Amino acid sequence: MGSLSVIDEPLQYPVARRDDSVIDDYHGIQIPDPYRWLEDPDADEVKDFVQKQVKLTESVLEKCEVREKLREKMTELLDHPRFNAPMKRRNRYFYTQNSGLQAQNVLYVQDGLDGEAEVLLDPNSLSEDGTVSLSTFSVSEDAKYLAYALSLSGSDWQKIQVMRIEDKKDESDTLSWVKFSYISWTHDNKGFFYSRYPAPREGENIDAGTETDSNLYHELYYHFLGTNQSEDILCWRDPDNPKYRFYGSVTEDGQYVLLNIVETCDPVNKLYYCDMSALPEGLDGYRKRTGLLPFVKLIDGFDAEYRPIANDETVFTFLTNKDAPKYKLVRVDLKEPRSWSDVVPEAEKDVLVWARAANGSQMIVSYLSDVKYILQIRDLNTGFMQHQLPIDIGTILGLSARRNDNNVFIHFSSFLTPGIIYQCNLEAEVPNMKIFREISVPGFDRSGFNVDQVFYPSKDGTRIPMFIVSRKDIALDGSHPCLLFGYGGFNVSLTPFFSVIRTILTRHLGVVFCLANIRGGGEYGKEWHKAAKLAKKQTCFDDFISAAEYLISAGYTQTKKLCIEGGSNGGLLIGACINQRPDLFGCALPLVGVMDMLRFHKFTIGHTWTSEFGCSEKEEDFQWLIKYSPLHNVRRPWEARPESDQSCQCQYPPTMLLTADHDDRVVPLHTLKLLATMQYVLCTSLENSPQTNPIVGRIECKAGHGAGRPTQKIIEEAADRYSFMAKMLGASWIE
């Protein structure tokens, strides 16, 4: 049974116009789309709809008693220094740090590990509201120049600029319309490779990040320092394949530029290379001539993934899933491109996640074993394991190491470990993990919490792992509010990580936090991913529903105290699950979800997701998409109740759909159309609807899919959605 309404009076939902003339024909089946007009973010009618929804949601949030307490406690506990692993160039080290409540992380530089750290770039000085973020950066090999990419309002669009590190002065270089790009310097320090799209038709006048046009015709360029972007060398394009994306990276020896080509989000790629030392006049020669760089095709099919690990002249080592669903390391000589050999064979159970060459002839290798990280040091040439590094159950958030570094830095986090930067000297006979820096959260005591990993059966009997974080020694009597989080797609693994916000929920609201490692993710390799994609997508919903049923049967919680949450593909997960089992949950929080499964491929980068979902333009794909598409499966659950049980109060759980106006990954129209549909079908189309649980939307301004969001916006949104959750689950504040 869904939660009974905890809002004192019925909500007055704004009535959204329905255009019943919009009907699409999918393979002979008529599908209405009455809220198609919500796809235009610039229309006044859409802006009016958004403002009315904002007002409605605020009226609900005003009645959520713990909202202010959550905001205060989050502000208090987030006010601590946070940093990442330092990156070395020559004798300089670079890292980002946030003093606590700064809107954006600040980039620092210091000479040597014992030098005094100086602010190199502070994005907080670039806007009054903190919505300009540092997306990525790259330092030239001589450590004299910084190329950095800025994003505005969380958009995927970036602008690259260049700074002289010595005096922290910006050069005139400005590169626009950059998206999905590396920044990779050549070793002569003259410039770097980057990727971009052609400028939109609207040109510079567009509010980048709010448009919905498909991103097509990606191109790889080389930029020479001190020149205008119009003079950049076009290195690669493929007008016959407009959906391809190109990423250029220079090898650590500086000899090659590798071209990584992808089309979808599947873990497959083509791989070409160009020997820059063989160019008669170097890259300079291409300033005077037309024509693309002479790339050689090493891998020219999308049958597997190839990630470069290291090279010694023409001999390359790659991480691949070619004939290895759990990945392996292989080697090839460019002189004999058909002769490949295994360096580290595929493991029987564990997934090889990444490898990094260091200390000349060694590499650090990371495996995922039942969703727990393992770190090993292996010989780069033979693949033999030399040492296993001791780490707790948690996640390696980052590794800072290059081929010639004997000191490497490892960034570790877990549910109860805010963050540790380990320094590991690989030259030692037995490398040890020395704490270089540790993140400390004031008032956080890990001894008050308990972490378990359980394995529960899904609908088809498959054992699914799930982490459960709770207060110490709770009674399994079904009395606890519970937050179940999932994703289940795109080969993405959910591993243990620290969240100040979620520790507050557990400590002060008694919430049991659960992370379900459902199929569709990469936790057990390629087969785990394939088991819940395309025609098998329903599997991830079954896994998640089974997680909820397990938590109830095991005594952790009960239906009216169970909230489900997920973002992006996880937002789709939540949208599908409340359609399929509205009776099972007490609250739902779908964040920036893909909700219109028939039209997602038409907007921004959505066409790349067809490898995961399929495409409604194909009849076979349409048949499975229409069955779970959240937008197309909103039903009145009370109309499906058995005649023998007319007392059933079944309705949708209280639901807050979240999106942001500059989300150009999963554009806001997905959430807006589903919100309008749910409010109409469940509420406004009936005089006395049984749907008394609120259906509301939270629409953030000047924010995107999640990256680059200012600290204050993170706090405000979390306080809103979790105070809504607390109100709906009946969770009260514990001092």
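The values are calculated or read from the model by the stated rules, or taken from the named source; none is laboratory data. Source: prediction; values computed, not measured. When we count neighbours, we look across all protein chains shown, and the Cβ atoms used for this are built from the backbone with ideal geometry, even at glycine. We work out accessible area using only protein heavy atoms, side chains counted, and drop any ligands, DNA or RNA first. Shrake-Rupley method; radii C 1.70, N 1.55, O 1.52, S 1.80 Å.
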Amide H within-cut-off set for residue 438, under 5 Å, with H built and near neighbours excluded: 421
Skip the ligands, DNA and RNA, and give the accessible area per residue of the chain with a 1.4 Å probe, whole Å². 40 Å²
Put 150, 38 in order of accessible area, largest first, 1.4 Å probe: what do you get? 150, 38
Mind listing the long-range amide H neighbours of residue 165? Cut-off is under 5 Å, sequence gap 5 or more, other chains count too, H placed in the peptide plane at 1.01 Å from N. 145, 146
What length, rounded to one decimal in nm, is gained on full extension from residue 701 through to residue 128, with 0.36 nm per residue of separation minus their alpha-carbon distance? 204.8 nm
Suppose we take every Cα in region 341-427 and form the convex hull; what volume per residue is that in Å³? 87 Å³
Per the Kirkwood definition applied to all pairs of different Cα atoms, how many angstroms is the hydrodynamic radius of region 466-526? 12.6 Å
Pop a pseudo-label 7 angstrom from the Cα along the beta-carbon direction at both residue 477 and residue 20 and give the gap in nm to one decimal. 5.4 nm
Using only the alpha-carbon atoms, what does region 397-536 span along each of its principal axes? Please give whole angstrom values in decreasing order. 50, 43, 23
Mind jotting down a quarter of the surface of the convex hull over the alpha carbons of region 328-483, in square nanometres, one decimal? 13.5 nm²
Quick one: plug the Kirkwood hydrodynamic radius of region 209-356 (C-alpha pairs) into Stokes-Einstein at 25 °C, 0.890 mPa s, and report D in µm²/s. 144 µm²/s
In whole percent, how big is the carbon plus sulfur part of the accessible area of region 626-735, probe 1.4 Å, protein atoms only? 48 percent
Where does helix 67-77 land angle-wise versus the long Cα axis of the chain, in degrees 0 to 90, nearest 10? 20 degrees
Using a 1.4 Å probe on the protein chains only, how many percent of the accessible area of region 425-504 belongs to carbon and sulfur? 48 percent
Those trypsin sites (Lys or Arg not before Pro) in region 147-225 that DSSP places in a loop and that have at most 11 other beta carbons within 10 Å: 201
Heavy atoms only, probe 1.4 Å: what % of the accessible area of region 1-82 goes to carbon and sulfur, would you let me know? 51 percent
Across 5 Å bins from 0, what is the distribution of all Cα-Cα pair distances for region 213-290, in whole percents? 3, 13, 20, 24, 20, 12, 5, 2, 0
Values of log10 I(q)/I(0), in the order q = 0.11, 0.21 Å⁻¹, for region 129-282 under a Debye, Cα-only, solvent-free model: -0.44, -1.51
Between the helical axis of 711-729 and the dominant principal axis of the chain, each derived from Cα atoms, what acute angle in degrees is found, rounded to the nearest 10? 30 degrees
A chain fully extended from residue 72 to residue 141 at 0.36 nm per residue, minus the present Cα-Cα distance, gains in nm 20.4 nm
Please give the length that would be gained between residue 530 and residue 427 if that part of the chain were fully extended, namely 0.36 nm times their separation in residues minus their C-alpha to C-alpha distance (nm, one decimal). 33.0 nm
1/(1 + (r/R0)^6) with r = Cβ-Cβ of residue 161 and residue 117, R0 = 30 Å, i.e. FRET efficiency to nearest 0.05, evaluates to 0.85
Sorted by mean Cβ packing within 10 Å, highest first, what order do the peptides 16-26, 341-351 take? 341-351, 16-26
Under 25 °C and 0.890 mPa s, how fast does the chain diffuse according to Stokes-Einstein, given a Kirkwood radius computed over C-alpha pairs? Answer in µm²/s, whole number. 90 µm²/s
How much FRET efficiency would the formula 1/(1 + (r/R0)^6) give for residue 338 and residue 45, where r is the Cβ-Cβ distance and R0 is 41 Å, rounded to 0.05? 0.10
Between residue 99 and residue 446, what's the calculated FRET efficiency when r is the beta-carbon distance and R0 is 25 Å? Round to 0.05. 0.60
How far apart, in nm, are two points set 7 Å out from the Cα along the Cα-to-Cβ line at residue 253 and at residue 434? 3.2 nm
In whole angstrom, note down how far apart the Cα centers of region 436-492 and region 227-277 are. 41 Å
Equivalent ellipsoid semi-axes for region 511-664, as square roots of 5 times the alpha carbon gyration tensor eigenvalues: give them largest first, rounded to whole Å. 26, 19, 16
Kirkwood hydrodynamic radius (Cα pairs, Å) of region 32-124? 17.7 Å
Hey, rough spin-label estimate for residue 392 and residue 217, points 7 angstrom out along Cα→Cβ, what's it come to in nanometres? 5.3 nm
